[in-house]
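Let me begin by presenting the structure, written as structure tokens, before commenting on it.
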Amino acid sequence: MAALRRGSNVELTREIPDLPGVVLGVRWEAGPEPALADSLVMAAILCDGARRARSAEHFVFFNQLTEPSRSVALSGDDAEQVEVVFGAVPDDVSRIVAVLYANEGNGLRRGLGRLRTLTVRGLDPRNDRELVRSENLAPALDGETALALGEVYRHNGGWKFKVLGEGYRAGIAALAEDYGVLR
Amino acid sequence: MTLDFTAPGRAAPRGDLTFLRRRRRAAAPVVSDAPLDLDAEPVVVGGASLDLDAAPAQVSRESGAFDGVSLDLDVAPASLSRESAGLRGASLDFALRSALPDTRPALPARRAGRPGRPVVRLGAGRRLQLGPKTPAVTLDRLQSAIGLLTAEAVSGAAALGCAYELADGRSAYLGSGTTASRTPFLAVRRRSVSADLRQVRQLVRLVVIAVFPPGEAPPGLLIVSTWDGCRLELPLGKSGRVTVPLSVHNVDGELVLRAEAAEALTSPRAAVEAFGFPRISWLDDFTCAGGVA
């Protein structure tokens with residue numbers, strides 16, 4: 001399977017009409033810096049048509065494992081996967097954006113550019129078969145500490161997946177501001 | 001509900017007080033004519049520590065053994081594993097892949113408001129002064145787990161320290177200039193205490209301790225800040241050598257910050273012991289023996 005480049009998209013439910021959902025997973029290799037890997041957090045934001053979060057409760061991460069409709073949930077304890085059930089996503093949610101950020105800790109601030117590899121992929125939730133995979137997003141990163149990895153979104157009655165790879169040097173605060181998480 | 005303070009063993013379960021732990025007396029049994037247990041949890045010292053607005057803890061599958069235990073919380077929050085602590089209030093069953101629509105996780109527990117004692121929240125970028133009028137504020141799940149939670153003495157002469165308890169039961173005191181772990185989870189500098197909230201699932205509670213120099217010293221102000229620009233202000237009063245201005249409790253993944261009224265304490269050791277950290281060892285009243293008990 002060819003890796004999708006930034007901005008590329010694929011029609012998930014056109015390729016697999018009976019696909020009930022998708023698991024968005026992120027993989028990284030941190031290299032010799034465990035502090036960076038320890039600080040990484042994957043999250044998902046449920047957005048409306050204007051790409052704005054429905055509310056702070058629609059930010060799914062390790063301390064908020066699901067959202068009010070329960071259509072999106074963190075799966076696994078390693079916080080590397082978010083599971084989306086297409087049929088349960090509320091009508092007013094147009095897209096689910098997967099993000100990764102380095103939590104600002106007490107140590108040095110480290111950018112995602114220090115990662116050796118970083119990919120986002122979509123899996124079939126029924127059998128964990130890999131459906132789509134992004135290119136390695138790490139080489140294009142530098143001091144960014146938050147990143148919109150990819151998104152699944154409604155399209156002509158179905159669902160598409162798109163690789164975003166949009167970084168934020170000001171970290172999760174800037175990303176949250178951009179997606180309207182902060183109220 | 002009828003309260004019988006002479007027979008705590010027959011008390012009805014209190015699933016809402018998830019952050020309190022009953023302490024066992026080392027030797028003597030509870031005296032029946034002494035209704036106040038002076039060994040009780042330190043949050044009582046502050047005068048308003050019971051978060052009666054907290055909803056009953058929704059016990060996850062992993063921690064289901066705690067159902068109905070309530071006040072016998074010797075085992076509850078302190079002994080929860082990192083994994084189960086993170087699941088409090090969510091009860092995910094993680095079986096989505098085998099039967100997608102029918103096994104969706106339960107909703108997170110919602111706080112049941114109680115008339116007269118609403119849960120105080122703080123929107124992004126807001127400011128609030130904690131004190132007798134508003135003694136406590138509850139951070140939401142994002143404020144409780146993103147970025148750093150920092151308490152900084154911005155005026156006055158106090159040096160800060162903190163005592164903390166982790167989900168695995170360990171506890172320690174950190175004076176100025178020390179760090180707690182490799183990550184590090186907590187960092188204490190002379191004028192500030194900061195917690196890396198990526199590790200918040202490990203935290204059960206912490207108390208911030210202000211130590212004033214001997215002699216006359218002006219009182220000050222403690223500023224607590226969150227990743228989204230919230231700012232809490234607490235007075236750093238001085239009526240003794242040591243005060244405890246702030247406590248932080250992890251309640252179902254939400255941090256409850258409370259202005260404490262514990263003053264006129266003589267030493268960090270007295271403050272730490274008053275707030276129920278009996279396992280911490282001390283070289284003297286001002287010097288912790290180090291390590292994590």
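What to note about this one:
- Dipole of segment A:81-130 [Lys/Arg +1, Asp/Glu -1 at C-beta], most positive-end residue of A:Pro125, A:Gly113, A:Val84: A:Gly113
- Residues whose amide H comes within less than 5 Å of that of B:Arg241, counting only those at least five positions distant or on another chain, are B:Leu265 (H built at 1.01 Å from N in the peptide plane).
- Per residue of peptide B:136-146, the mean number of Cβ atoms on other chains within 10 Å of the residue Cβ is 4.
- In Hz, Karplus ³J(HN,Hα) per residue of segment A:174-182 (6.51, -1.76, 1.60; θ = phi - 60°; x = Gly, Pro): 5, 5, 5, 5, 5, 9, x, 6, 7
- Built from the Cα atoms of segment A:16-84, the convex hull projects on average onto 6.2 nm², one quarter of its surface area.
- Residues with amide H under 5 Å from that of B:Arg189, placed H, sequence gap 5 or more: B:Gly177, B:Ser194
- Between segment A:143-183 and segment B:215-293, the alpha-carbon center distance in angstrom: 39 Å
- Amide proton proximity set for A:Ser75, modelled H, under 5 Å, gap of 5+: A:Gln81, A:Val82, A:Glu83
- Computed from backbone phi, the HN-Hα couplings of segment A:54-60 come to 5, 5, 5, 6, 9, 10, 9 Hz, rounded to whole numbers (Karplus: 6.51 cos²θ - 1.76 cosθ + 1.60, θ = phi - 60°; Gly and Pro given as x).
- Full-stretch length increase - A:Asn127, A:Ala3 - with 0.36 nm per residue and alpha-carbon distance subtracted: 42.6 nm
- Working note: Karplus 6.51/-1.76/1.60 with θ = phi - 60° gives segment B:217-232 the couplings 8, x, x, x, 9, 10, 10, 10, 10, 10, 4, 9, x, 5, 9, 10 Hz, where Gly and Pro are set to x.
Read-outs throughout are calculated quantities, based only on the coordinates presented, and are distinct from any laboratory measurement. Keep in mind it's a predicted model, so treat the numbers as computed, not measured. All Cβ positions, glycine included, derive from the backbone under ideal geometry; neighbour counts span all protein chains shown.
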